[in-house]
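What follows is a single structure, written as structure tokens, with notes after it.
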Amino acid sequence: MPSLEPLALPQGMRATSATRAVLGLWQADADALLSEAEVEAALRGQGVRVNRVTVYRLLDRLARAGLLRRCVDASRVARYARPAQEAAAGAAARFECADCHSAFRLGASGDAAGQPLQDALRQLWQALAASGLQGRAIDVAVTGLCSDCRGAPAQP
């Protein structure tokens, strides 16, 4: 998985141990798509002691600063990811499993199979511009069954 260069914090944002630990999650996996609960669990797994409210506030500040991108899935769970680094910057696509509720980015960086998706997102940007519209972000969510759940019997 690609790693990222260390992120410069916006002026006024302190580089606390919690801030560094949260950003470190995306340093380790640039394509991570994590909910608040997953971030909290990952930090706890690393031995970082931080309360839930701090995690929520920190993720919100990082999203407002543009270091993370916030999207809400079909179950109304907020998930965070690095802003798109692909040619169609500002466009993101994700897949959400309707059974297990896992979520992951589609067309992640370095994923050759994701090139057609990135091309389609780029075409969408161009179509917006040709229509005289100026898009700021494109967020595409595909809901379906992941490869693990496709073969599993449906849950009641």
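The values are calculated or read from the model by the stated rules, or taken from the named source; none is laboratory data. Computed from a predicted structure; not experimentally measured. All Cβ positions, glycine included, derive from the backbone under ideal geometry; neighbour counts span all protein chains shown.
Confirm whether A84 is touching a helix residue (DSSP H, G or I) at 6+ places or on another chain (Cβ under 9 Å), at pLDDT below 85 and in a strand (DSSP E or B).
no
Which one of these does D29 not meet: (1) within 22 Å of C71 (Cα to Cα); (2) surrounded by fewer than 14 Cβ atoms within 10 Å (Cβ to Cβ)?
(2)
Which pairs turn up if I take residues in the stretch 131-143 that are farther than 13 Å from V72 by Cβ and look for partners that are modelled with pLDDT of 80 or more and surrounded by fewer than 13 Cβ atoms within 10 Å (Cβ to Cβ) with beta carbon separation below 9 Å, at least 6 apart in sequence or on another chain?
The qualifying pairs are L133/A127; G135/A129.
Considering the stretch 30-48 alone, what residues qualify as being in a loop (DSSP other than H, G, I, E, B) and either in contact with a strand residue (DSSP E or B) (Cβ under 7 Å, 6 or more places away or on another chain) or over 19 Å from F104 (Cβ atoms) (or both)?
Residues satisfying the conditions are D31, A32, L33, Q46, G47, V48.
Looking at the stretch 1-23, which of the residues that are modelled with pLDDT of 60 or more and among the small types (G, A, S) is farthest from Q46 (Cα to Cα)?
Of everything passing the filter in the stretch 1-23, G12 is farthest from Q46 (Cα to Cα).
In the stretch 107-142, which residues are farther than 21 Å from G66 by Cα, assigned to a loop (DSSP other than H, G, I, E, B) and at pLDDT below 75?
Once the filter is applied, which keeps residues that are farther than 21 Å from G66 by Cα, assigned to a loop (DSSP other than H, G, I, E, B) and at pLDDT below 75, the stretch 107-142 yields G110, D111.
Is it the case that R52 is over 27 Å from C146 (Cα atoms), exposed (fewer than 13 other Cβ atoms within 10 Å of the Cβ) and in contact with a helix residue (DSSP H, G or I) (Cβ under 8 Å, 6 or more places away or on another chain)?
yes
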